[in-house]
Every structure is written in structure tokens, then in C-alpha cells.
Amino acid sequence: MLSRVAERLYWSARYLERVENIARLVSVYDDLLYDLPRDIAVSWYNLVEINSGVEFYNQRYKVRDEHNVLKFMLADDTNPGSLLSSLKMVRENIRTTRDVVPGEMWELINELDLYARQNIKQGINRSVRHAYLNTIIEGCQKIIGLLTGTMDRHAGWHFIMMGRFLERADMNTRILDAANFQMQHSQEEESVKLGQVVWSKVLKSQSAYLSFRRTMRCSISGASVVTFMLTDACFPRSQRYCLEQVKAAAATLPRYGIIAANVDKLLKITNGVEHSTDLNEKFSEYLNEVQLGMIALHHQITENWFHFQQGDAA
């Protein structure tokens, strides 16, 4: 497989996962604000910070309100991490690799892109926001289902899996970091009420609520949720599971040794926490270290397969 084709497949998977994650985040954050007691203030601007969009946002907007944040997160084509920008990149990457993916994938991506653009105001306005975001999530899942059911398990499939699960692992750490930040900066008298709501929403943002209940068999707390989302070996959105999938996909490709070694380093530091008191500034530093490790892993994947010059093959 040509390295440029492999790179486009890898990025198409990352962007598709990003589209679904943005839709999930906005939907669950909307629920969070409705469920919190009125005397607890939580800003929509947190979504911008979760997605590392502070610089782009401040260049474009002065007011940090719901409308501006949602416009930035969903519709703003100057924000490379917005939902519409990410969908555009999925479409562009698949357009140039149509010969190695199922034919129906191009049709489904076009349908999703068209729906998202024609109905974007529904995502920004409150009244039909959930219906719009759910349609986006279902569209992403339909595409992944098509790939899972019909795509050959050749090199292209494994690059898609690497991109998908690396993007998912990255978002997992961002969500945990945002929840931890919110709890650290809450008033002591707010923390009990806030904690129950925030950590349950973390689970729901990852469709992990029932799996958590079945696996952990305990009440929802910061420590139990963080431990589940980092270390569970079976839940497909946990940190450990995602990293194992990246490693498994890499193992089917040539020159995978350095990638496996880097994943093993990340797995070695993927641990839970014993007490909710451990969720502090030190934990945020740990998550930042993990994120830097995943950035380094992405660069290593790029150097190993996409910038490979000998025969231009991955």
C-alpha cells in the first residue's frame, strides 16, 4: 500500500472518530447543565478548553456564551477541530482512497456531510439539538459498521483501526481532565452534589454507564469512574482497550516494533486511582503526560509509515 494512501485512511478514521466525539460531548454537556443545581455555575467555554481550541476561539469571539461556543465547536470552518471541518476532512481523505474502501462508504459520508451542513442550525439551537447530534452519532456508527462488516482486513483496515483508537484514547484523557478540573475548582460545599452529576455524565459521554455498573458494582465516584475509564480491559472506550487495539493493529504491519514499544510505555503508566482525593493537580499532570505520550506515538506512526521513502510503501 502506498504510504500516502495509508496516511489518508489513518486520518479519515481519526476525523470520523472526532466528529462522533464532538457530537457526544456537546450532547452530554447539554444534559449536564440541565441536571446541575441552579446555584452551581458551569461554563460552556469548558468545551473549547477540552478540545484545545482556546487560541482559535479567542481570535474569533469575544463573548464566551452558549451560542458562540456551539457555533465554534460545530459550524466554524476556521476551527480545524469543529464538527463540520472534521467531516470535510473525512470526506476529502476518503474521496482520494475510494478504491480501497467499500463503495457504499463514499455514499454514507456524503449523506452525513450533507445532512450536517444543511441542518447545522439545529445543532446550535436548543430545541432540536439532541435530535441533530444523535443523527450525527448514528451516521458515524453506520459508517464504522459498514467498514467492520465489509472491508478486507488488509493494511488499510489496520491503519483505520490505529487512527480510530488513538483518537478515542486522546479524547478519553481530555474528558477525564475536564471533569477533574471542574471538581478541583468547585466549592467544598458543592463537591458532593457536583461530583455525582459530573462523573455520571463522564460515563454517559462514553456510553459507559451500564458497563460501569456491571463491571465495578459500586456507586459512582471520581475514583471508580477514572479507574474504569483508564484500566478496564474489555470496554471499547477505556484507555487500556484503545491502546491495546493500536498495538494489535500495528503488529500486523511491517516495522511495528518501535510502535509496540511506545504503546507498552503508555500501558505501563495506565493505572487507576484508589481514592477520590487522588484526583488533584498531580492527576492532571499525569493526564497531560499521557497526552504528550500519545502525541509522540502519533508522530512515530507518521515517521514509521507515512514518511517512509523506500519504495513509498507502508
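Roughly how many nanometres apart are two label points built 7 Å out from the Cα toward the Cβ at residue 284 and residue 185?
A separation of 0.7 nm, rounded to one decimal place.
Given a Förster distance of 25 angstrom, what is the FRET efficiency for residue 33 paired with residue 215, based on the Cβ-Cβ distance and rounded to 0.05?
Details: r = 28 Å, r/R0 = 1.13.
Computed FRET efficiency for residue 33 and residue 215: 0.35.
Using the crude model of +1 on Lys and Arg Cβ and -1 on Asp and Glu Cβ, and no other charge, please compute the dipole size for region 1-100 relative to its Cα centre, in debye to 20. Intermediate values should be presented prior to the final figure.
Values: 14 positive and 15 negative charges, 104 e Å.
In total the dipole reaches around 500 debye.
Give the residue list of trypsin sites (Lys or Arg not before Pro) in region 1-87 that are DSSP loop and have at most 11 other beta-carbon atoms within 10 angstrom. Before the final figure, lay out the partial values.
On the way: sites: 4, 8, 14, 18, 24, 38, 60, 62, 64, 71; in loops: 38, 62, 64.
The qualifying sites are 38, 62.
For the charge dipole of region 78-206, defined by +1 on Lys and Arg C-beta atoms and -1 on Asp and Glu C-beta atoms about the Cα centroid, which residue among 150, 112, 93 has the Cα displaced farthest towards the positive pole?
Positive-most Cα among the choices belongs to 112.
Enumerate the amide H contacts of residue 2 below 5 Å, restricted to partners 5 or more residues apart or on another chain; note that Pro and chain-start residues carry no placed amide H.
Amide H neighbours of residue 2: 314.
What's the extension gain from residue 292 to residue 275 if we count 0.36 nm per residue and subtract their Cα-Cα distance? Spell out each step's value before the answer.
Numbers: separation 17, 0.36 × 17 = 6.12 nm, distance 2.48 nm.
The residue 292-residue 275 span can extend by a further 3.6 nm.
Work out the FRET efficiency for residue 264 and residue 127 from their Cβ-Cβ distance, taking R0 = 45 Å, and round it to the nearest 0.05.
Working: r = 48 Å, r/R0 = 1.08.
The formula returns an efficiency of 0.40 here.
Against the longest alpha carbon principal axis of the chain, how many degrees, from 0 to 90 and to the nearest 10, is the axis of helix 155-184 turned?
Taking the Cα atoms of the chain, the angle to 155-184 is about 10 degrees.
What's the extension gain from residue 107 to residue 248 if we count 0.36 nm per residue and subtract their Cα-Cα distance? Show your work: numbers first, answer last.
On the way: separation 141, 0.36 × 141 = 50.76 nm, distance 2.94 nm.
Stretched out fully, the residue 107 to residue 248 stretch lengthens by 47.8 nm.
Using DSSP to define loop residues, name the trypsin sites (Lys or Arg not before Pro) in region 180-257 whose beta-carbon has at most 11 other beta-carbon atoms within 10 Å.
Hits after loop and neighbour filter: 217, 255.
When Lys and Arg each count +1 and Asp and Glu each count -1, what net charge do the other residues less than 15 Å away from residue 174, Cβ to Cβ, add up to? Don't skip to the answer; put the middle values down first.
On the way: positive: 14, 18, 24, 168, 201, 237; negative: 17, 20, 49, 167, 170, 177, 285, 289.
Once positives and negatives cancel, what remains is -2.
Put +1 on the Cβ of every Lys and Arg and -1 on every Asp and Glu Cβ in the chain; which of 197, 260, 288 then has its Cα farthest towards the positive end of the dipole?
Checked the options; the winner is 260.
Checking the cross-link filter: which lysines have an alpha carbon closer than 25 Å to that of residue 265, excluding same-chain neighbours under 8 positions apart?
Within the straight-line limit of under 25 Å, residue 265 reaches these lysines: 247, 282.
Need the full-extension length gain, residue 138 to residue 193, defined as separation in residues times 0.36 nm minus the C-alpha distance. One decimal, nm. Show your work: numbers first, answer last.
Numbers: separation 55, 0.36 × 55 = 19.80 nm, distance 3.19 nm.
That pair, residue 138 and residue 193, stretches by 16.6 nm at full extension.
Pop the C-beta distance of residue 300 and residue 52 into the FRET formula with R0 = 30 Å and round what comes out to the nearest 0.05.
Working: r = 20 Å, r/R0 = 0.68.
Between residue 300 and residue 52 the formula returns 0.90.
Using the crude model of +1 on Lys and Arg Cβ and -1 on Asp and Glu Cβ, and no other charge, please compute the dipole size for the chain relative to its Cα centre, in debye to 20. Numbers along the way, then the final one.
Details: 36 positive and 37 negative charges, 113 e Å.
Dipole about the Cα centre, nearest 20: 540 debye.
Convert each backbone phi in region 239-247 into a coupling constant with the Karplus relation 6.51 cos²θ - 1.76 cosθ + 1.60 (shift: θ = phi - 60°), then list the ³J(HN,Hα) values in order as whole Hz, x for Gly and Pro.
Here the 3J(HN,Hα) series is 4, 4, 4, 4, 5, 5, 5, 4, 5 Hz.
Helix 281-301: angle to the longest alpha-carbon principal axis of the chain, degrees 0 to 90, nearest 10?
The answer is roughly 10 degrees.
Through the Karplus equation 6.51 cos²θ - 1.76 cosθ + 1.60, θ set to phi - 60°, convert the phi angles of region 225-235 into ³J(HN,Hα) values in whole Hz; use x for Gly and Pro.
Calculated HN-Hα couplings, in order: 5, 4, 4, 5, 6, 9, 10, 4, 8, 10, 6 Hz.
Coordinate-derived values only; no laboratory data. None of the values given here were measured: they were computed from a predicted structure. All Cβ positions, even for glycine, are placed from backbone atoms using ideal geometry, and neighbour counts span all protein chains on display.
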